[in-house]
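Undergrad: What follows is a structure written as structure tokens; I'll ask about it next.
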Amino acid sequence: MTQEELRKLYVRMRTLVVFRAVTDNPVVARLVDTLGLASGVVGDASSQRLAEAYSAFVFELFATGGCSLACYLQEVVLDDENVYLRRIGAGKEVRPSLVAAAQEELKVFSDLARVTPDDLLVNVDEPLRSSLARFELTPLDLAATYRARLKDIRRFGYGIYARYHVFRLDDAGQIVAVHHPDPIRLSALVDYDREKKVILDNTRALLAGKPAANILLTGDAGTGKSSTVKAVVNELAPEGLRILEVSKDQLHQIPAILDELTKNPLCFVIFIDDLSFAGDDDNFAALKAILEGSVSAKSANVVIYATSNRRHLVKETFSEREGDDVHLNDTLQEIVSLSDRFGIHLTFYKPNMTTYLDIVHQLAANAGIQMDEAELNLLAERFATRRGGRSARGARQFVDSLLSKE
């Protein structure tokens, strides 16, 4: 590029509107600084000053793990949560002026991606110029890629939701990505086929825009309730499914979360793991209010999946059943009714010996463990006895213990 072309590109980058937030990115910010010096817009730049600015930019680029400017620009532009993308994702009208601005600015980024090291270093003296690190050049049609992303926005999403599929609430109530989620897959879960199918079918209905129910998964510890939910999400994430894990103490924040999620083009499972209440727990009332509001009806792209070791979610005592509450029956009915507010209720029972050993055999075969069947059964049963009973989790732990001894 000529110095005049660099100057125009610098001015265009400094006057972005739709994608203005991208200029706060450290790599892009350093690149724009270098453009300003290379084009002569930002005062008279000495050879050394330009070389230092260029090197600072390349350092930031390499620190991201990539060496291609075009590939990195595509990544940050596609991830940018701008007003244009949000309106499209929410299904709202996009004014022609906003469309035109977005398209013009995409051309600016395409031009920026064509900048070469030689373009930026043209005013750097030799031999310094030849000794500086070079970033890679990659062909890029950003406008076409962005159009494809918009066309499939309900599958790809945008912003952090495009890069990650598992999220949680932090202490401040903000949604943050889980960078290293549990990679469990459905193929790794043995047995409970009926339960897995019900969850899969319900979640696929959600993705298809059909009515989907909130699901309560109850049963004994270690039977795979949480793993099944996570595996379903991992399976369907490429189709536009995301999961947000919420703790019991954060239930009161769900209504505010829904305001954000309902505007998102993706579908979400709000996951509450290991849920149980005391009878006078304020969180009990919070969840009841949410379920009474019919979350799936209000938010067509959101369902709640909860797991619990208690069938009715509430710890009941004999004193509560025999209490002096004048309206004792009403109180007990209220306790029981909470679980009934979930559209689907699945129970994961502890496996009997036959099922437990079948799980062990399949997991051992998948892990490549070769052992006499009678010996494997004996060791598996002995392991279960020491752990207090048979469970799918125990079967997995037993097979892992065999692998650790190899």
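Undergrad: R0 = 51 Å: FRET efficiency of residue 210 with residue 372, Cβ-based, nearest 0.05? Please report the intermediate quantities before stating the final value.
TA: Values: r = 49 Å, r/R0 = 0.97.
The calculated FRET efficiency here is 0.55.
Undergrad: Between residue 263 and residue 400, what FRET efficiency follows from the Cβ-Cβ distance if R0 is 25 Å, with the result rounded to 0.05? Don't jump to the answer; show the numbers that get you there.
TA: Numbers: r = 42 Å, r/R0 = 1.69.
Rounded to the nearest 0.05, the efficiency is 0.05.
Undergrad: Give, as a single signed number, the net charge of other residues whose beta carbon lies under 12 Å from the beta carbon of residue 104, with Lys and Arg counted +1 and Asp and Glu -1.
TA: Around residue 104, the surrounding residues sum to 0.
Undergrad: Return the percentage of antiparallel bridges among DSSP beta bridges fully within the chain, rounded to the nearest 5 %. Intermediate values should be presented prior to the final figure.
TA: Details: 3 of 27 bridges.
Antiparallel: roughly 10 percent of the beta bridges in the chain.
Undergrad: Tell me the label-point distance for the pair residue 49, residue 33, using the 7 Å Cα-to-Cβ offset, in nm and rounded to one decimal.
TA: Computed distance between label sites residue 49 and residue 33 equals 1.3 nm.
Undergrad: In whole angstrom, note down how far apart the Cα centers of segment 260-277 and segment 198-251 are.
TA: After rounding, the separation between the Cα centres reads 9 Å.
Undergrad: Per residue, how much accessible area does the chain show when a 1.4 Å probe rolls over the protein heavy atoms, in square angstrom? Don't skip to the end; give the middle numbers.
TA: Details: 20540 Å² over 406 residues.
With all protein chains present, the chain gives 51 Å² per residue.
Undergrad: Please work out how much accessible surface residue 353 shows to a 1.4 Å probe, ignoring ligands, DNA and RNA, in Å² rounded to 10.
TA: Here the accessible area works out near 90 Å².
Undergrad: OK, next. About the Cα centre of the chain, what is the dipole size in debye to 20, counting +1 per Lys and Arg Cβ and -1 per Asp and Glu Cβ, all else neutral?
TA: Details: 48 positive and 57 negative charges, 199 e Å.
The calculation lands at about 960 debye.
Undergrad: If you average the C-alpha positions of segment 364-406 and of segment 82-133 separately, how far apart do those two centres end up, in angstrom?
TA: Distance between centres, Cα-based: 56 Å.
Undergrad: To continue, here is another question. Can you pick out the pairs among 197/263; 151/197; 92/263; 196/288 whose Cα atoms lie more than 20 Å from each other?
TA: Numbers: 197/263 29 Å; 151/197 30 Å; 92/263 10 Å; 196/288 26 Å.
Long pairs (Cα-Cα over 20 Å): 197/263; 151/197; 196/288.
Undergrad: On a full-extension model of 0.36 nm per residue, what is the gain between residue 97 and residue 274, subtracting their alpha-carbon distance, rounded to one decimal in nm? Display every interim value, and only then the final one.
TA: Numbers: separation 177, 0.36 × 177 = 63.72 nm, distance 4.94 nm.
Gain in length upon complete extension: 58.8 nm.
Undergrad: Between the DSSP loop rule and a limit of at most 15 other Cβ atoms within 10 Å, which GluC sites (Glu not before Pro) in segment 70-143 are left? Write down the numbers at each step before the final one.
TA: Details: sites: 75, 81, 93, 104, 105, 136; in loops: 81, 93.
Loop-located and lightly packed - 81, 93.
The values are calculated or read from the model by the stated rules, or taken from the named source; none is laboratory data. Bear in mind the structure is a predicted one, so any value in this text is a computation, not a measurement. Don't worry about glycine lacking a Cβ; one is built from the backbone with ideal geometry, like all the others, and counts go over all protein chains shown. Please note that ligands, DNA and RNA were not included when accessible areas were found on the heavy atoms of the full protein model with its side chains. Shrake-Rupley method; radii C 1.70, N 1.55, O 1.52, S 1.80 Å.
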